[in-house]
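Down below is the structure, laid out as structure tokens.
Bear in mind that the values in this text are calculations on the coordinates, not laboratory data. All figures in this text were calculated on a predicted structure; none of them were measured in a lab. Methodologically, a virtual Cβ is constructed for each residue, glycine included, from the backbone with ideal geometry; neighbour enumeration extends over all protein chains shown.
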Amino acid sequence: MPLLFHESPKYLLTSESVTEGHPDKLCDQISDAVLDAVLKDDPMGRVACETATTNGLVVVMGEITTTAYVDVPGIVRETLRNAGYTNAEYGIDAKSCGVSVSIQEQSPDISAGVSTALETRGGQGGLSDEELDKIGAGDQGMMVGFACDETPELMPLTVSLSQQLVRQLALVRKEGALPYLRPDGKSQVTVEYRYGKAHRVDTVVISAQHSPDVSNDQITKDITEQVIKKIV
């Protein structure tokens with residue numbers, strides 16, 4: 001049995017993307033906007049900002065050390081408004097929702113690690129300052145993936161298609177082509193590969209938040225014609 005992707009006669013690969021109104025993406029946008037606001041006025045600012053949201057409430061928390069003033073509630077409301085959350089019936093309304101902010105300065109331990117790398121502070125390794133990166137890290141992360149020449153975006157076809165689908169889903173909502181759509185949504189695309197090459201699109205799944213007075217048959221028809229067939 002072949003173990004390598006490019007040796008497999010049949011391999012199904014699936015990717016998922018979410019719209020700007022999906023809670024995960026919404027929280028990311030708020031945290032990113034806070035970071036952008038800090039760095040705009042304080043390039044040396046340090047931001048470890050997390051956001052959580054539920055019906056009618058956004059909570060922004062974390063550790064921020066900066067000389068800049070940042071209007072966090074204003075950033076939250078602007079991000080919600082740009083994503084399309086302008087009606088309480090959608091689950092949250094940019095104008096009337098609650099915004100809770102719990103932010104403190106960066107902890108001394110993390111600050112020390114970011115300011116000067118442990119190797120430099122401890123004199124480990126016998127390397128000079130010029131040979132060491134003096135700036136440490138306050139956190140770490142693991143990323144899995146690789147670039148490929150399968151699409152112009154240099155991403156796998158499943159990723160490219162799923163992202164295009166959610167962009168199209170947002171577009172038909174904003175342009176009013178499907179006025180019953182609401183901001184939250186996601187797409188999932190499965191592509192069949194043969195010996196490492198994309199062979200066909202196997203499955204497309206679209207989930208879309210919508211007003212309750214539209215039938216599932218109408219949604220299926222509209223999404224198929226206005227979203228899926230425009231991309232796939």
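Some observations on this one:
- When the charge dipole of the range 23-108 is built from unit charges on Cβ atoms (+1 for Lys and Arg, -1 for Asp and Glu) and taken about the Cα centre, the candidate among THR86, SER31, ILE103 whose Cα reaches farthest toward its positive end is THR86.
- Cα-projected label distance for LYS10 with ASP149, points at 7 Å along beta-carbon direction, nm: 2.9 nm
- Sequence of MET155, MET142 once ranked by neighbouring C-beta atoms within 10 Å, starting from the fewest: MET142, MET155
- In plain terms, the chain from HIS199 to TYR180 could stretch by 3.4 nm, reckoned as 0.36 nm per residue minus the Cα-Cα distance.
- A compact globular protein would have a Cα radius of gyration near 2.2 N^0.38 Å; the ratio found for the range 23-108 is 1.07.
- Viscosity 1.306 mPa s, 10 °C: Kirkwood-radius Stokes-Einstein D of the range 154-232 over Cα pairs, µm²/s: 120 µm²/s
- Gain on full extension, evaluated as 0.36 nm per residue between MET61 and SER100 minus their Cα-Cα distance, stands at 13.2 nm.
- Beyond 30 Å in Cα-Cα separation lie the following of the pairs LYS40/LYS229; LYS197/LYS229; LYS95/LYS221; LYS40/LYS230: LYS40/LYS229; LYS95/LYS221; LYS40/LYS230.
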